[in-house]
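The values are calculated or read from the model by the stated rules, or taken from the named source; none is laboratory data. Predicted, not measured: the structure shown is a model, and the values here were computed from it. We place every Cβ from the backbone using ideal geometry, glycine too, and count neighbours over all the protein chains shown.
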Amino acid sequence: QVQLVESGGGLVQAGSSLRLSCAASRGIFGTYNMGWFRQAPGKEREFVGAITWNGGRTLYADSLKDRLTISRDNAKNTVYLQMNSLQPEDTAVYYCAAKRYSGNYFSSSLYDYWGQGTQVTVSS
């Protein structure tokens, strides 16, 4: 069982930046592809971005790609989501997820493990 714990969320003003972290509990982290999703109140969970197991490829939601950077440090079992120029519409619970097999990173149903989420609130 892989346990994921997100951190770094909080209340920020529009235009600010945040870096979210997701720490994994086990050493096999380095073999998992990692994704970030978010869910705003009353909305479905949506794909934010993903990074392959070795960090060789990153993918982002088209509407967010200019403001995001995903990275990972396999030695620390941690993946990061850097978000810039945050806007009130970015307010959501942000989740990280682990996916054993490569491909189709956009579908939340294909991820094997999920964190509990971290709240990001952006005030105008």
message: Checking the conditions here, which among G55, G117 is within 21 Å of Q3 (Cα to Cα), of a type outside the set (A, V, I, L, M, F, W, C) and within 10 Å of the chain's Cα centre (by Cα)?
response: G117
query: Going through region 23-35 one residue at a time, which ones are farther than 18 Å from G56 by Cα and not polar (S, T, N, Q)?
result: A23, A24, R26, G27
- line: How many residues of region 95-124 are loosely packed, with under 13 Cβ neighbours inside 10 Å and in a loop (DSSP other than H, G, I, E, B)? The answer is 7
- prompt: Can you tell me which residues in region 75-98 are of a type in the set (D, E, K, R) and at pLDDT 95 or above?
  reply: E89, D90
query: Pick from region 96-108 the residues that are in contact with an Asp or Glu (Cβ under 7 Å, 6 or more places away or on another chain) and of a type outside the set (G, A, S): which of them is nearest to A61 (Cα to Cα)?
result: C96
